[in-house]
Amino acid sequence: MKCRICGQKAVVNMRQHKLALCKDHYLEWIPEQTERFIEKYKMFIREEKVLVAVSGGKDSLSLWDILQRLGYQADGLYICLGIDDQRSPLMGGLSYSSESQRLIEKFANERGLKLHILDVQKEYGATIPQLNRKSHRGRSKPCSVCGLVKRHVMNRIARDFGYDVLATGHNLDDEAAVLFGNTLTWAGEFMLRQGPVLPGTPGLARKVKPLCRIYERDMLAYALLRGIEYIYEECPFSIGSTSIFYKQLLNKLESDHPGAKQSFYLSFLEARKSGLFAEREKIQAELHPCFNCGQPTSAPGLCSFCRLMSQYCR
Amino acid sequence: MVKLVLRNQEYEVRPGMTLLDALKKNDILTEGVLCTRDGELVTEDEILKDGDVIKLIAVISGG
């Protein structure tokens, strides 16, 4: 297979685009595409300060790399979740959080980038698995608690340090899997909030997903070709998760119908824009500042994060 | 023979077939992996040669 641009041997074939590229052209093409989507969806401009939430995975580290290459002012935020208990049969001897942090610090140091690290245990007195055991949100898995804490912390750091926008490494497969789950239950309110940009509101930073149009496989190729060291193992709690199952289902579809995932997500964005799901003003909840932390919450009183913390401290 | 390695699993296929056919034969979706030989990415039309070891890298990772 030959590179469409130069005719040299291709290393990546993107069937959904009918496009094969060599290493050099691929490493130019991915940042060009990312910039195209940043501009198309009006995510941010070069004068704005971007906080990139990095997990140590291929997508978020690649996003940080791409934004730097494109000349954006992008700093990193790592939230240490404390998923490190090697005695747990789930962990398979892996210190997931510590290894993720090591890889992120190496990435940032090698490039001279600014990295914020927030250790959940040091800051709030408990790791994510410990918080989960006390909460009523999750069952055996702490994913719900983890998501809640990460959203709170990301917003807090963005606000405290004056970032204009918070960027995450969600790729098209992530978005399609979430959409698929929401479609199965016709979760209209969640669908209305899903998109490349979640606009900022008083107290809530704007959230953007610059990789939302790029396949996960293509992001992996970018990380490998750029020599980015990332955490290959899945979070031990994500093994067997519904989102991974949905991704696998969508990949089966994609295998027979190249472009199906992209079409699913793009036609959803179009449908949402044309008002298929609901009238925004009718279902948009009124937000109030949390009595404790001041972050916006839908019900008057404490926000979900502060309720979780009060349960833990009880 | 040609060896395909995905995490802790190994698959053997005959040389002379394409990588795509080798993946299909073992029920591995091309969408779920990238393929490398000697550390270099290779596309699915690559014809496999005797002694090749193809390392498959799972696309889904992280949490």
(request) May I ask you to list the residues in region A:33-62 that are of a type in the set (Asp, Glu) and under 20 Å from the mean Cα position of the chain (by Cα)? (result) A:Glu35, A:Glu39, A:Glu48, A:Asp59
(request) Scan region A:36-54 for residues that are farther than 25 Å from B:Ser61 by Cβ and in contact with a helix residue (DSSP H, G or I) (Cβ under 7 Å, 6 or more places away or on another chain) and report the count. (result) 1
(request) Among the residues of region B:24-40, count how many are buried (at least 19 other Cβ atoms within 10 Å of the Cβ) and closer than 17 Å to A:Glu229 by Cβ. (result) 1
(request) Determine whether A:Glu105 is part of a helix (DSSP H, G or I), among the acidic types (Asp, Glu), over 16 Å from A:Lys150 (Cβ atoms) and within 20 Å of the chain's Cα centre (by Cα). (result) yes
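Considering region A:157-183 alone, what residues qualify as being out of contact with any Phe, Trp or Tyr (no Cβ under 9 Å at 6 or more places or on another chain) and either part of a helix (DSSP H, G or I) or aliphatic (A, V, I, L, M) (or both)? Before you say what the answer is, go through the steps one by one.
Of region A:157-183, the ones out of contact with any Phe, Trp or Tyr (no Cβ under 9 Å at 6 or more places or on another chain) are A:158-163, A:166, A:168, A:170, A:174.
Within region A:157-183, A:Ala158, A:Arg159, A:Asp160, A:Leu166, A:Asp174 qualify.
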(request) Considering each residue of region B:20-34, count those that are more than 10 Å from chain A (Cβ to nearest Cβ) and over 20 Å from B:Lys49 (Cβ atoms), and give that number. (result) 1
(request) For region B:7-19, name all the residues that are closer than 29 Å to A:Gly57 by Cβ, within 14 Å of chain A (Cβ to nearest Cβ) and modelled with pLDDT of 95 or more. (result) B:Leu19
(request) Would you confirm whether any residue within region A:292-310 is over 30 Å from B:Cys35 (Cα atoms) and under 18 Å from the mean Cα position of the chain (by Cα)? (result) no
(request) Give region B:36-63 a look and list any residue that's free of Cβ contacts under 8 Å to residues at least 40 places away in the same chain, more than 10 Å from every other protein chain (Cβ to nearest Cβ) and under 19 Å from A:Asp218 (Cβ atoms), or say none. (result) none
(request) State all residues of region A:225-250 that are in a helix (DSSP H, G or I) and either hydrophobic (A, V, I, L, M, F, W, C) or in contact (Cβ under 8 Å) with a residue 60 or more places away in the chain (or both); if no residue qualifies, say none. (result) A:Leu225, A:Arg226, A:Thr242, A:Ser243, A:Ile244, A:Phe245, A:Tyr246, A:Lys247, A:Leu249, A:Leu250
(request) Of all residues in region A:294-314, count the ones that are surrounded by fewer than 19 Cβ atoms within 10 Å (Cβ to Cβ) and part of a loop (DSSP other than H, G, I, E, B). (result) 7
(message) A:Ile228 - would you say it is of a type in the set (Val, Ile, Thr), surrounded by 14 or more Cβ atoms within 10 Å (Cβ to Cβ) and under 28 Å from A:Gly56 (Cβ atoms)?
(response) yes
(request) Identify all residues within region A:33-84 that are within 14 Å of chain B (Cβ to nearest Cβ), not in a helix (DSSP H, G or I) and not β-branched (Val, Ile, Thr); write none if there are none. (result) A:Ala53, A:Ser55, A:Gly56, A:Gly57, A:Tyr78, A:Cys80, A:Leu81, A:Gly82, A:Asp84
(request) Filter region A:10-32 down to residues that are within 23 Å of the chain's Cα centre (by Cα) and facing chain B (nearest Cβ under 10 Å) and give me whichever is surrounded by the most Cβ atoms within 10 Å (Cβ to Cβ). (result) A:Tyr26
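The values are calculated or read from the model by the stated rules, or taken from the named source; none is laboratory data. All of these numbers come straight from a predicted model, not from anything done at the bench. For neighbour counting, all protein chains shown are included, and Cβ atoms are generated from backbone atoms with ideal geometry for every residue, glycine included.
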